[in-house]
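The values are calculated or read from the model by the stated rules, or taken from the named source; none is laboratory data. These numbers were taken from a predicted model, which means no experiment stands behind them. So basically every Cβ, Gly included, is an ideal-geometry build from the backbone, and we count neighbours across all protein chains shown.
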Amino acid sequence: MRLTLHQRQIIWAYIFMSVALVFFVIIRWYPTILAFNVSFRDWNVFEGSGPWVGLENYQEIWQDAGKPRSSVTAAFSNTVRYVLFGVPSQLVLALAIALLLAQIRRLSAVFRVAYFAPYVTSAVAVAFVWNWLYQPETGLINQGLDLVGLPQQPFTKSPAQALPSITAVAVWQNLGFAVIIFLAGIQQIPSHYYEAARIDGANAWQLFWRITLPLLNPIIVYLTVLGTISYLRLFALVQNMSPQGTGGPLKSTTTVVLEVYREGFSSYKMGYAGALTVLLFFLILLITIIQLRFFSRRVEY
Amino acid sequence: MTTSVEIGTQDSLQIAEHFKPAQGRSRRRFTWTLLLAYLLLAIGGVCMVTPFIWMILTSVKPAPELVDFAFFPENPTLQNYLNVLNTSSFERWYLNSIIVAIISTTSVVFFDTLVGYTLNKFEFPGKNIIFVGMLGTLMIPTEMLIIPWFTMSVNWSWHIGYAQYWGIAFPGVITAAGIFLMRQFFDGVPNELLDAARIDGMNEFGIWWRIAAPLVKPAIAALAIFNFIGNWNAYLWPLILANSREFYTLPVGLSFFRGESTTHWEKIMTAASLASIPLLIVFLVFQRQIIRGIALTGLKG
């Protein structure tokens, strides 16, 4: 029997995709279903099973959230605060730096390397370096404050300053990525748009608000969604910058993922941790949908 | 067969062109604006680089000098490095990180390129379902899958002995994001070229391996570099899976190292340097390709 060319193509296509199909079914989709299943059970990870308990894990989370000084409430509200502090500052700073970089010619490559270096560094190493910079008395930043006559600050040692201090490190680490994307976007804008606007008498401020910013809209949406997701999943920095990795002081820095890790892999409350991950999934989904709805406007010129 | 189509290169060259500042603009307004741009970028650059410099300077200071408040070491020494290397398993953690990063990067480069090619160049029944099924996995945060993955790893004994290398690597051996990136890049490979090879009697695998894949080499290089960096720095999953010290990857080993040397900042900074300097060197060597690749993938995606 002779196969037609198209039939042979179909066979080749499935041969090429076979390993990937198996991978996506077994390593991605099956675990996704299992994750929901785990959240409805009193899961024992070493037996790979557990009795069905319905919504009990979710009820427990709900009850814990109602307790005073609850970890769950702290985790969710901190996570939202990381996003609210981190994403806008990251975007504004990155855009400013990219606009400056677009102006210069010499040393441009040097600056790009400097801004991007933290992005390729392990978050654990970054956390330790900043722990040392933030140290009371001996830390470089507090020494600098002493030098200019300002009072020393506790940074990660105080419940009020810890979360903004860690957010600042996250911004420092992720800034370079946004700078590079913005810069590429800025340099894709055809220069005759600017020339035409200048002939019409537009000033630099108008050029920025009327041309640069609207044309960067798709990139702003992309970086907002990506940035938000990464702040919603914050873990390594917090675990390595809070005392004993517990999200302290006084739960002021803990995140949803940190609580998942602690409940699941320190207390072995897998069902409970699983329910938390399901809630995180819906939180990410919800925020992403809202952002795509409200921030994407098609810009046509 | 000779051909001059090098798709990724063309794109990268375009991007490279974009990175050159518009000549007319920078020549027209010199002096204050430009000077201010350099000044602001330099201040920002210092903020980005100082933590790295401070990390390295601290690592070559003898312990008593840490309380001297001097920026530069008076008696620089490599003793800290010898101490850290002698008392920890850093060389083993390097090896583990390299093994895991190589397993996943090799696999990702092979399968993401192959599947991306298939989704771009082949017509077959079920294509849409497969496409959406792979794309959909991007919505699922990996944090939701860690409990199912851990359950599966325990079930198949991937969490003990040498199987831990596979256990750490398996979630990332094929990536949906990489598949879609490569799928985009194969747009630029002309179908006529592939048909010509078919008429010459080349089999489909040969066409992909010898003709199509070499044409998107720059894109493959970018994919490989990002994947290597991502896996090298991966933290949460290796932290959960690796259960014995000999199988920690660098970030995990580094994190546990802190617990053992609480306030010995010279040791912690030495460990952080050991963990981050190799990748920083890789970054400095490939900085052009990496930064172009980021810009390229950001604009494509």
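Of all residues in segment A:238-275, those that are of a type outside the set (Phe, Trp, Tyr) and either closer than 27 Å to A:GLU47 by Cα or touching a Phe, Trp or Tyr at 6+ places or on another chain (Cβ under 8 Å) (or both) total 20. Which count do you get for residues in segment A:248-288 that are under 17 Å from the mean Cα position of the chain (by Cα) and of a type in the set (Gly, Ala, Ser)? Going through segment A:248-288 one residue at a time, the tally reaches 0. Out of curiosity, is A:ALA74 under 30 Å from A:VAL129 (Cα atoms) and surrounded by 19 or more Cβ atoms within 10 Å (Cβ to Cβ)? Yes. Remark: pairs (first residue in segment B:170-181, under 13 Å from B:LEU135 (Cα atoms); second residue aromatic (Phe, Trp, Tyr); Cβ separation under 7 Å; 6+ apart in sequence or on different chains) = B:ILE174/A:PHE23; B:ILE174/B:PHE111. Looking only at residues in segment A:88-124 that are within 20 Å of the chain's Cα centre (by Cα) and not in a helix (DSSP H, G or I), the one that is farthest from B:GLN287 (Cα to Cα) is A:SER122. Please verify whether B:PHE90 is crowded, with 20+ Cβ neighbours inside 10 Å and closer than 25 Å to A:ALA117 by Cα, treating the condition exactly as stated. Criteria met by B:PHE90. Using the structure shown, decide if A:VAL25 is at pLDDT 95 or above and closer than 24 Å to A:VAL278 by Cα. Yes; evaluated as a whole, the condition is true for this residue. Filter segment B:201-233 down to residues that are within 13 Å of chain A (Cβ to nearest Cβ), assigned to a helix (DSSP H, G or I) and over 27 Å from B:ALA101 (Cβ atoms), then give me how many there are. Number of matching residues: 3.
Based on what the data block shows, is A:PHE282 touching a residue at least 60 places away in the same chain (Cβ under 8 Å), under 24 Å from A:GLY86 (Cβ atoms) and more than 8 Å from chain B (Cβ to nearest Cβ)?
Numbers: touching a residue at least 60 places away in the same chain (Cβ under 8 Å): no; under 24 Å from A:GLY86 (Cβ atoms): yes; more than 8 Å from chain B (Cβ to nearest Cβ): yes.
Spelling it out, it is not the case that A:PHE282 is touching a residue at least 60 places away in the same chain (Cβ under 8 Å), under 24 Å from A:GLY86 (Cβ atoms) and more than 8 Å from chain B (Cβ to nearest Cβ).
With respect to the conditions (1) facing chain A (nearest Cβ under 7 Å); (2) surrounded by fewer than 22 Cβ atoms within 10 Å (Cβ to Cβ); (3) closer than 18 Å to A:MET17 by Cβ, B:LEU114 falls short on a single one, namely (2).
Every residue, every condition in (1) surrounded by fewer than 16 Cβ atoms within 10 Å (Cβ to Cβ); (2) more than 12 Å from chain A (Cβ to nearest Cβ); (3) among the small types (Gly, Ala, Ser), yes or no:
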{"site": "B:VAL100", "(1), (2), (3)": "no, yes, no"}
{"site": "B:THR118", "(1), (2), (3)": "no, no, no"}
{"site": "B:GLU123", "(1), (2), (3)": "yes, no, no"}
{"site": "B:THR137", "(1), (2), (3)": "no, no, no"}
{"site": "B:HIS159", "(1), (2), (3)": "no, no, no"}
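Name the single residue, out of those in segment A:132-182 being part of a loop (DSSP other than H, G, I, E, B) and aliphatic (A, V, I, L, M), that is surrounded by the fewest Cβ atoms within 10 Å (Cβ to Cβ). Talk me through it step by step, then tell me what you get.
From segment A:132-182, those part of a loop (DSSP other than H, G, I, E, B) are A:135-139, A:148-154, A:158-161; that's our starting set.
Keeping just the survivors that are aliphatic (A, V, I, L, M) gives A:148, A:150, A:160.
On the way: A:VAL148: 6, A:LEU150: 10, A:ALA160: 11.
By that ranking, first place goes to A:VAL148.
Could you please find all residues in segment A:25-44 being more than 8 Å from chain B (Cβ to nearest Cβ) and aliphatic (A, V, I, L, M)? Explain how you work it out, then say what you get.
Going residue by residue through segment A:25-44, those that are more than 8 Å from chain B (Cβ to nearest Cβ) are A:25-26, A:33, A:36-37, A:39-42, A:44.
Scanning segment A:25-44 gives A:VAL25, A:ILE26, A:ILE33.
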